[in-house]
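J.: Right, I'll just put the structure down here and ask away after.
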Amino acid sequence: MPDRRGAKAVAGRPAARAARAEGRPSRSSLPSGRPGPAGHSGPSRPSRPSGRRVGLALAGGGPLGAIYEIGTLVALEEALPGLAINDLDGYVGVSAGALVAAGLANGMTPRQLCRAFIEGDGPAADRIHPSLFFRPALGEYAARLARLPALLAQAASGFAFGSAFGGPLGRGSWLVALERLGQALPTGLFSNAALRERLHEVFSQPGRTDDFRALQRRLVVVATDLDSGAAAPFGQPGWDSVPISQAVVASAALPGLFPPVPIEGLHGPHGPHDAHHAHHEQGPQDPPGAHGAAPSGQRRWYVDGALKKTLHARVLLDMGLDLVLCLNPLVPFDASAHGAGQEHRHHRVLGGAHERIPQLVRGGLPVVLSQTFRTLIHSRLELGMKGYEASHPGTDIVLFEPDQRDPTLFLANLFSYSQRRSLAEHAYQRTRADLRSRRGSLRPVLARHGLALDDAVLDDPARRLLGRRRLDAAAGRPERPSAQALRRLDEVLADLQRLLPQG
């Protein structure tokens, strides 16, 4: 099962044999085309020469998560020359991973995404400026503020006449009055309207589409229905009339930071009918949950897809794919004393290159909350991976995530965009180190699907994601030959330790 050291592989039985045993269609019988808009059939994708079917599942993690995933995907595509990351058989994205998955499904390469999202020097039509994520939700503020006088009057009346709230004067009345005033608080600090409009422009460029039904590659973007708590798999049959850009901002609408995203024409949590996106920000005149579950065809509200699950990889596994690559940017940090001892000597990433963090409690509330959030997210992922292995033994699953002893990604702000270049380079280099140290165990898994790691690429010390002039001074500092030799030796020892039978 997955350990905590980067790339993981969960190997199962050959896919065709497992498909027959479980009654699933074999890969030769699975449909290759998708229904297009208005019931027309979309273009069918040609079969891969080897017949393998590969998917990609991307978890969330704010802007930092997208930065990590882009750096990792560039490293993977370089190391796996037989695999085009932007031409896989299926993609599923959650939160920030939804943005990356939508770009890949539209044919954008990891390098193009890097130029558009991290370097900012790609074609002007593709650039996604960091300011789009942090524009105040002024419309939300104004609408909530407009309700304040009426709420104040109701709260004062309820406090003065406690019976109106079902209780006498006293502490209970204070609490009820404050709860009533809570309706004047905005549901999100930042507006997602500008980001949605920009994504619509990016996905509307020639050769791309903002329509799930017109894609040549299967894409599923998962959000959460705020009123029911159910997963909303936009892009699945019956859920695919929502624009991709709208689905992405809904999947990334982390409660408290972004307002819930309104989408009309939905049939509760079971599927939409001719859904279309609302062209205005949510306002408190019709707050989510005020009238219970919306009946068929009316507006519903959607928030971050990570509220339900971390990865949602089952969407791809149920397609009968042979290999699913999974990326999870958020892991808890391991600052334990044991981690700094024997295991640390064989750790392929940190190996004495970073100062150890002795106790997280010294970082105060922000660090404690970050560790708590990451631990909750990761524990769900671990449970999910166990379930995937049991329910889909015929599919190989390879999971990539940051090293749990890597302080660089842990100490970075989840919503920081200012350090995007150095963090992307860090993710790129750490993924390359992961692949080098795990290549002995990854080779047989990849070989089952006609893939092989390019050792020359992995062992090239000059490779960079970005030019050194674009990096921070520390990130761009060349590695000393002695440190490089020790790191390579550390990787080889770690790989041998993993391959040798445990006594």
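J.: Taking region 215-238 on its own, how many of its residues are out of contact with any helix residue (DSSP H, G or I) (no Cβ under 8 Å at 6 or more places or on another chain) and either aromatic (Phe, Trp, Tyr) or within 13 Å of LEU307 (Cβ to Cβ) (or both)?
T.: 2
Per-residue answers, yes or no, for (1) more than 26 Å from ARG53 (Cβ to Cβ); (2) surrounded by fewer than 24 Cβ atoms within 10 Å (Cβ to Cβ):
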position	(1), (2)
ALA66	no, no
GLU77	no, yes
LEU83	no, yes
VAL92	no, no
GLY97	no, no
GLY103	no, no
ALA137	yes, yes
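J.: Tally time: how many residues in region 313-333 are charged (D, E, K, R), part of a loop (DSSP other than H, G, I, E, B) and open to solvent by 10 Å² or more (accessible area, probe 1.4 Å)?
T.: Looking only at that region, the number is 1.
J.: When only residues in region 36-64 that are at pLDDT below 85, outside any loop (DSSP other than H, G, I, E, B) and of a type in the set (Gly, Ala, Ser) count, which is least open to solvent (accessible area, probe 1.4 Å)?
T.: GLY39
J.: If I filter region 196-248 down to residues being charged (D, E, K, R) and closer than 18 Å to GLY90 by Cα, which single residue comes out as surrounded by the most Cβ atoms within 10 Å (Cβ to Cβ)?
T.: Per the stated criteria, the residue is ASP240.
J.: Could you grab me the full set of residues in region 438-457 that are touching an Asp or Glu at 6+ places or on another chain (Cβ under 8 Å) and assigned to a helix (DSSP H, G or I)?
T.: Within region 438-457, ARG438, ARG439, GLY440, SER441, VAL445, VAL457 qualify.
J.: Let me ask something else about it. For region 355-414, what are the residues that are over 22 Å from HIS426 (Cα atoms), open to solvent by less than 10 Å² (accessible area, probe 1.4 Å) and not in a loop (DSSP other than H, G, I, E, B)?
T.: Scanning region 355-414 gives LEU381, MET385, ASP396, ILE397.
J.: Let me ask something else. Going through LEU369, LEU409, LEU399 one at a time, which residue ends up being at pLDDT 90 or above and either within 17 Å of the chain's Cα centre (by Cα) or of a type in the set (A, V, I, L, M, F, W, C) (or both)?
T.: After ruling out the rest, the residue left standing is LEU399.
J.: Oh, and also: Suppose we filter SER441, SER391, SER437, SER370 for residues that are of a type in the set (Gly, Ala, Ser) and under 30 Å from LEU189 (Cα atoms); which single one remains?
T.: SER370
J.: Shifting gears a bit: Taking ASP121, is it charged (D, E, K, R), in contact with a Gly (Cβ under 8 Å, 6 or more places away or on another chain) and either closer than 19 Å to VAL222 by Cβ or open to solvent by 10 Å² or more (accessible area, probe 1.4 Å) (or both)?
T.: Here the answer is no, as ASP121 does not meet what is asked.
J.: Please go through (1) at pLDDT below 90; (2) outside any loop (DSSP other than H, G, I, E, B) for GLY351 and return the number of the only condition it doesn't satisfy.
T.: So the condition that GLY351 fails would be (2).
J.: Just to be sure I understand, how many residues within region 80-122 are hydroxyl-bearing (Ser, Thr, Tyr) and touching an Asp or Glu at 6+ places or on another chain (Cβ under 7 Å)?
T.: Counting residues in region 80-122 that are hydroxyl-bearing (Ser, Thr, Tyr) and touching an Asp or Glu at 6+ places or on another chain (Cβ under 7 Å) gives 1.
J.: Can you tell me how many residues in region 425-451 are open to solvent by 60 Å² or more (accessible area, probe 1.4 Å) and in contact (Cβ under 8 Å) with a residue 12 or more places away in the chain?
T.: So the answer is 3.
J.: Also, I was wondering about something else. Give region 223-239 a look and list any residue that's part of a loop (DSSP other than H, G, I, E, B) and closer than 15 Å to ALA101 by Cα, or say none.
T.: Within region 223-239, just GLY235 meets the criteria.
The values are calculated or read from the model by the stated rules, or taken from the named source; none is laboratory data. Small disclaimer: the values here were computed from a predicted structure and weren't measured. Glycine also receives a Cβ, built like all others from the backbone with ideal geometry; neighbour counts cover every protein chain displayed. Only protein heavy atoms, including side chains, enter the accessible area calculation; ligands, DNA and RNA are left aside. Shrake-Rupley method; radii C 1.70, N 1.55, O 1.52, S 1.80 Å.
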